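Enquirer: Dumping the structure here so I can ask a few things about it.
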Amino acid sequence: MTKLRLAIVGAGPAGIYAADILLKAEKQFDVSIDLFEQLPAPYGLVRYGVAPDHPRIKGIITALRDVLDTGSIRLFGNVYYGRDVTLDDLKQHYNAVIFSTGAIKDAPLDIPGIDLPGSYGAADFVSWYDGHPDFPREWPLDASSAAVIGNGNVALDVARILSKHADDLLPTDIPSNVYEGLKQSPITDVHVFGRRGPMQVKFTPLELRELGELNDVDMVVYEEDFDYDDASLAAIESNKQIMVIDRIFRKWRDGPQSDGPQSGVPQSGVPQSAEPQSDNSQSGASRRLHLHFFAGPIEVLGTDRVEGFRYERTEPDGAGGVRGTGEFRKVAVQAVYRAVGYFGSPLDGIPFDERRGVIPNREGQVIDDHDEPVNGVYATGWIKRGPVGLIGHTKSDAMETVRHLLKDQANWWSPAHPDEAAIVALLEERGVQFTNLQGWRNLDEHERALGAAEARERIKVVPRDEMIAASKG
Ligand SMILES: Cc1cc2nc3c(=O)[nH]c(=O)nc-3n(C[C@H](O)[C@H](O)[C@H](O)COP(=O)(O)OP(=O)(O)OC[C@H]3O[C@@H](n4cnc5c(N)ncnc54)[C@H](O)[C@@H]3O)c2cc1C
């Protein structure tokens, strides 16, 4: 073997890091990599998941772009694995494939009323505000009060975008329709609910702290949630991240007393009854972001559409978890967003773990129902290990997968058409409107030009046909 012809499916960070690591690895043969991506733009959830007001994280795109710019990787955009290319096609043209297709759907939350109009998945909302072409362009932002279920960073992203004033998002790359949609929103109160306590959250301190810095939005926390048990106190002592989180909450809890009512510092309150009401009279912001802990989701209320959210007060169970207390509460909301995790999608001809939403694998080597390796097929990123972790984690993930790929030469496929022109001919013959790296550069430039015209860095193009047209110049 003098050359490894490798297909990578999915041009998110996992796929691009895998290509980079493979190109830099010590090996006895040359490598030629074709990267297939179903969208005309690469970068996966860095472009279509990371919130628009997190430009520092979006900046990771620069590093990913450098990898694509090395000239050693061919990008085939707007090519959908399972429709435009199949596993058989890949076997005919490559020695192996790495799937890095990530996750784009919401994990289910099985509670009554979750399918009512006005109840949404966070992933769908994220795809809307980040301008993903495969999602509806309109989003019904007609609620004055909304509930967000979940205690991870995605829940905070959703709560922040819902509460933030549209004009404060204008410096970002949000598409025009998203700006217009958010501008019309009558929202005044966003309630975030977590089953566990404030010291068991999955937020990172940076994302939490940022909530307190939003313009014309008051933070509301409830003193009853901060009666720490021994496990929480121990966590504050032993874990720096939790210590910082505690400090952030403390500032919000102490706010009005320490800084006075004129400061715009968040107000803490106590739910007064089975329908918690917050008293924000001292702060005066036009929007409030409430954080509720020890609140297990029970039901989305309403007949024809969402009218409220019912939850059960929980308490620490002494073993690191929580248990229900039998005390039920409700809050009137017109929209519910569940941010309880993302979920991967199955791929044609590839084993899939329906329970976890991942491709079953051993350290990146895909395995079948009998735990046997599927020769030539590998996985990396969120589709390999589930939708948790930051962009950086996909790098270590890719290292592991590439290590196995390199050791596994004896089991690679022997393609009938390994020459680089053959796959291009196949896509052309099928009439696939594929784009390439130059196409992405054209689209990138076009988006920057749209932004420059309005003194913004970029305005995203959303419709797929417009993306393709811009790619083709
Ligand atoms: C809302 C949200 C906010 C986040 N914020 C941060 C943050 O601030 N900081 C941070 O470090 N991490 C953040 N993350 C996590 C980060 O986005 C992930 O760790 C990372 O994107 C996972 O990379 P991946 O390549 O496995 O998957 P993805 O990024 O999902 O990329 C998968 C790619 O595969 C493509 N694809 C899928 N199916 C097919 C197919 N059939 N054919 C061809 N192509 C296909 C997709 O279009 C996509 O481009 C966030 C995630 C979410 C959901």
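Enquirer: Go through segment 5-41 and give me each residue that's more than 19 Å from residue 420 (Cβ to Cβ) and more than 23 Å from the chain's Cα centre (by Cα).
Expert: 21, 24, 25, 26, 28 - these are the residues of segment 5-41 that are more than 19 Å from residue 420 (Cβ to Cβ) and more than 23 Å from the chain's Cα centre (by Cα).
Enquirer: Consider segment 363-380. How many of its residues are out of contact with any Phe, Trp or Tyr (no Cβ under 8 Å at 6 or more places or on another chain), under 15 Å from residue 347 (Cα atoms) and either touching a residue at least 24 places away in the same chain (Cβ under 8 Å) or assigned to a strand (DSSP E or B) (or both)?
Expert: Qualifying residue count, segment 363-380: 2.
Enquirer: For residue 460, work out the one condition from (1) assigned to a helix (DSSP H, G or I); (2) closer than 16 Å to residue 47 by Cβ; (3) among the charged types (D, E, K, R) it doesn't fulfil.
Expert: With (1) assigned to a helix (DSSP H, G or I); (2) closer than 16 Å to residue 47 by Cβ; (3) among the charged types (D, E, K, R) applied to residue 460, the lone miss is (1).
Enquirer: Could you say which residue among 274, 285 is among the aliphatic types (A, V, I, L, M) and either assigned to a helix (DSSP H, G or I) or at pLDDT 85 or above (or both)?
Expert: 285
Enquirer: May I pose another question? Quick one: residue 459 ticks every box in (1) closer than 25 Å to residue 174 by Cα; (2) among the aliphatic types (A, V, I, L, M); (3) free of Cβ contacts under 8 Å to residues at least 60 places away in the same chain except a single one, so which number is it?
Expert: (3)
Enquirer: Residues to consider are 89, 115; find the one that is more than 15 Å from the ligand (Cβ to nearest atom) and surrounded by fewer than 22 Cβ atoms within 10 Å (Cβ to Cβ).
Expert: It is 115.
Enquirer: From the list 419, 465, exactly one residue is closer than 17 Å to residue 94 by Cα and without any contact (Cβ under 8 Å) to a residue 24 or more places away in the chain. Which is it?
Expert: Details: 465 fails: closer than 17 Å to residue 94 by Cα.
So the residue among 419, 465 that is closer than 17 Å to residue 94 by Cα and without any contact (Cβ under 8 Å) to a residue 24 or more places away in the chain is 419.
Enquirer: Now for a separate question. Of all residues in segment 225-258, how many are touching a residue at least 60 places away in the same chain (Cβ under 8 Å) and charged (D, E, K, R)?
Expert: Matching residues across segment 225-258 total 2.
A quick yes/no check of all residues on (1) outside any loop (DSSP other than H, G, I, E, B); (2) surrounded by fewer than 18 Cβ atoms within 10 Å (Cβ to Cβ); (3) among the aromatic types (Phe, Trp, Tyr):
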residue	(1), (2), (3)
136	no, yes, no
142	no, yes, no
155	yes, no, no
158	yes, no, no
187	no, no, no
202	no, yes, no
208	yes, no, no
218	yes, no, no
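Enquirer: Taking the condition under 19 Å from residue 114 (Cβ atoms), modelled with pLDDT of 95 or more and under 26 Å from the mean Cα position of the chain (by Cα), does residue 343 pass?
Expert: yes
Enquirer: Return the residues of segment 16-64 that are among the β-branched types (Val, Ile, Thr), more than 11 Å from the ligand (Cβ to nearest atom) and in contact (Cβ under 8 Å) with a residue 60 or more places away in the chain; say none if nothing qualifies.
Expert: The answer is 21, and nothing else.
Enquirer: Could I ask something else about it? Could you grab me the full set of residues in segment 64-82 that are within 14 Å of residue 44 (Cβ to Cβ) and among the small types (Gly, Ala, Ser)?
Expert: Result: 77, single match.
Enquirer: Based on what the data block shows, is residue 332 of a type in the set (A, V, I, L, M, F, W, C) and surrounded by fewer than 20 Cβ atoms within 10 Å (Cβ to Cβ)? Give the steps one after another, and end with the answer.
Expert: Values: of a type in the set (A, V, I, L, M, F, W, C): yes; surrounded by fewer than 20 Cβ atoms within 10 Å (Cβ to Cβ): yes.
Criteria met by residue 332.
Enquirer: Among the residues of segment 315-328, is there at least one that is surrounded by 20 or more Cβ atoms within 10 Å (Cβ to Cβ) and either touching a His at 6+ places or on another chain (Cβ under 9 Å) or under 23 Å from residue 249 (Cα atoms) (or both)?
Expert: Step one: of segment 315-328, the residues surrounded by 20 or more Cβ atoms within 10 Å (Cβ to Cβ) are 316, 322.
Subsequent filtering for residues that are either touching a His at 6+ places or on another chain (Cβ under 9 Å) or under 23 Å from residue 249 (Cα atoms) (or both) retains 316, 322.
Looking for residues that are surrounded by 20 or more Cβ atoms within 10 Å (Cβ to Cβ) and either touching a His at 6+ places or on another chain (Cβ under 9 Å) or under 23 Å from residue 249 (Cα atoms) (or both), one finds at least one in segment 315-328, hence yes.
Enquirer: Can you tell me which residues in segment 374-425 are aliphatic (A, V, I, L, M), surrounded by 21 or more Cβ atoms within 10 Å (Cβ to Cβ) and farther than 20 Å from residue 12 by Cβ?
Expert: Answer for segment 374-425, where residues must be aliphatic (A, V, I, L, M), surrounded by 21 or more Cβ atoms within 10 Å (Cβ to Cβ) and farther than 20 Å from residue 12 by Cβ: just 423.
Enquirer: Which of the residues belonging to segment 58-71 are buried (at least 16 other Cβ atoms within 10 Å of the Cβ) and either over 26 Å from the mean Cα position of the chain (by Cα) or charged (D, E, K, R) (or both)?
Expert: 58, 65
Enquirer: For segment 422-456, give me each residue that is of a type in the set (Gly, Ala, Ser), part of a helix (DSSP H, G or I) and either farther than 22 Å from residue 95 by Cβ or in contact (Cβ under 8 Å) with a residue 12 or more places away in the chain (or both).
Expert: Within segment 422-456, 422, 439, 449, 451, 452 qualify.
Enquirer: Pull up segment 141-160, narrow it to residues that are touching a helix residue (DSSP H, G or I) at 6+ places or on another chain (Cβ under 8 Å) and charged (D, E, K, R), then point me to the one that is farthest from residue 286 (Cα to Cα).
Expert: 157
The values are calculated or read from the model by the stated rules, or taken from the named source; none is laboratory data. Just so we're clear, the structure is a prediction, and the values are computed from it rather than from any experiment. Every residue, glycine as well, gets a Cβ built from its backbone with ideal geometry; the counts of neighbours run over all protein chains shown.
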